[in-house]
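The structure under discussion appears below in the form of structure tokens.
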């Protein structure tokens with residue numbers, strides 16, 4: 001029999017330094033290794049158009065050298081301890097990570113602090129890394145699925161930074177200078193916008209002292225805030241030579257993370273498209289063969305929310321796919337299947353409980369809570385709120401989608417008729433004003 005950890009012994013512990021930086025310790029005593037992350041509340045959402053892509057460039061360049069370490073020394077100092085160091089950039093944050101033995105946690109804090117606080121962005125390394133990032137950009141630019149999501153964000157939010165790609169654009173990537181990077185870090189990398197979080201078999205007091213020693217002198221700065229974007233909707237298209245499929249991303253505005261109504265949207269997405277028995281996968285993939293890959297999700301962030309349906313279809317089947325999606329949305333707005341709703345709840349509960357077992361997920365959730373709510377939310381409380389969502393609230397999600405403009409992105413091999421059908425179905429009159437569509441095969 002496996003012992004269930006005592007929640008009182010594994011509850012996250014939070015400390016706030018005098019400069020506003022938050023430190024979070026998440027005890028996971030059954031693990032053999034520790035995970036440490038430094039989250040900075042800055043990403044593509046915080047970039048002016050002329051700076052779009054700079055957060056991602058800073059993340060790359062942060063590993064190229066600090067005042068005391070060159071690139072090779074940074075890598076060696078981590079790897080000689082058996083540790084792995086990495087980073088990522090998202091729309092609303094940038095994060096630096098390291099994983100290794102728990103006994104080395106103070107050293108890991110010091111190493112990531114050096115990278116975050118003291119990177120000097122050597123000019124000669126910037127020119128070399130610029131070429132690496134441009135190769136990454138080309139790979140992204142030639143990927144129909146990635147392009148469809150980029151177009152989708154633009155259709156959702158227009159020229160607001162929420163509509164910008166994390167990777168930026170080619171012109172900016174060619175233009176950024178060392179001074180641009182230093183200036184951006186000076187403005188954005190400030191203590192009030194930083195969460196340092198660790199998970200594993202942690203000595204909490206030792207960890208907190210290490211964070212204070214490494215980050216205590218970091219300038220507080222001002223909160224990195226951005227006005228929320230207005231939802232736009234519409235159809236965006238990019239035909240791409242060499243692609244044999246029509247990549248589709250379509251969706252509707254959803255509540256943000258701070259709005260509890262987002263829970264009904266998350267449950268609605270799971271009901272429609274989580275698992276092979278869901279209506280979306282059963283009808284689109286299993287019964288009609290309209291797509292090999294089709295998925296549904298609720299992408300909920302502090303400033304934005306998207307109810308997303310994505311698929312890769314044969315160009316000749318794209319029109320039928322759109323018609324079938326509309327029919328499924330109308331069906332869900334008309335009535336909720338009790339078995340399907342129970343399935344969706346259970347799938348979300350299992351997903352949430354699995355996330356509690358994954359250090360990376362715990363750390364990012366903690367940082368997101370602090371950036372959005374200013375506190376750590378209780379996992380049991382969140383599950384209870386999800387269980388309290390009613391079938392009527394879920395139906396209301398679909399009803400709202402049928403009365404609001406959708407955003408649709410098409411990339412790859414896109415027939416003119418598919419684009420016209422998408423515009424007619426999703427960018428025209430509200431779907432609720434139309435009679436329910438028959439099945440395409442009827």
Between the Cα axis of helix 178-188 and the main Cα principal axis of the chain, the angle (0 to 90°, nearest 10) is 80
Roughly what angle does helix 262-273 make with the longest principal axis of the chain, taking Cα atoms, 0 to 90 degrees, to the nearest 10?
60
Expressed as an acute angle from 0 to 90° and rounded to the nearest 10, what is the orientation of the C-alpha long axis of helix 318-334 relative to the principal long axis of the chain?
90
Quick check on region 182-335: take the gyration tensor over C-alpha atoms, sort the square-rooted eigenvalues as a ≥ b ≥ c, and tell me if it's rounded (a/c under 1.5), prolate or oblate.
prolate
DSSP beta bridges in region 7-215, what fraction antiparallel, as a percent rounded to 5?
80
Given the C-alpha centroids of region 281-337 and region 75-121, what is the distance between them in whole angstrom?
40
Cα centroid of region 345-411 to Cα centroid of region 157-205, whole Å:
24
According to the square roots a ≥ b ≥ c of the eigenvalues of the Cα gyration tensor, what is the shape class of region 7-215, taking rounded for a/c under 1.5, prolate for a/b larger than b/c otherwise, and oblate for the remainder?
prolate
Contour minus Cα-Cα span, residue 225 to residue 179, at 0.36 nm per residue, comes to 14.3 nm
Residue 382 label point, 7 Å along Cα→Cβ, cut-off 19 Å on backbone N: hits in region 250-268?
254-268
Modelled label-to-label distance, residue 140 and residue 213, 7 Å Cα→beta-carbon offset: nm?
3.8
I'd like the antiparallel share, as a percent to the nearest 5, of DSSP beta bridges with both residues in the chain.
80
Row for region 234-433, column shape: gyration tensor on C-alpha, a ≥ b ≥ c, rounded if a/c < 1.5 i.e. under 1.5, prolate if a/b over b/c, else oblate; value prolate
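Take every DSSP beta bridge with both residues inside region 234-433 and express the antiparallel ones as a percent of the total, to the nearest 5.
About 80 percent, rounded to the nearest 5.
Percent relative contact order of region 7-215, based on C-alpha pairs within less than 8 angstrom and at least six residues apart?
With pairs under 8 Å counted, the relative contact order is 39 percent.
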Relative contact order computed over the chain (Cα-Cα under 8 Å; 6+ residues apart), in percent:
20
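Every number in this text was worked out from the coordinates using simple rules, so none of it is lab data. These numbers were taken from a predicted model, which means no experiment stands behind them. Positions of Cβ are backbone-derived with ideal geometry, glycine not excepted, and every protein chain shown enters the neighbour counts.
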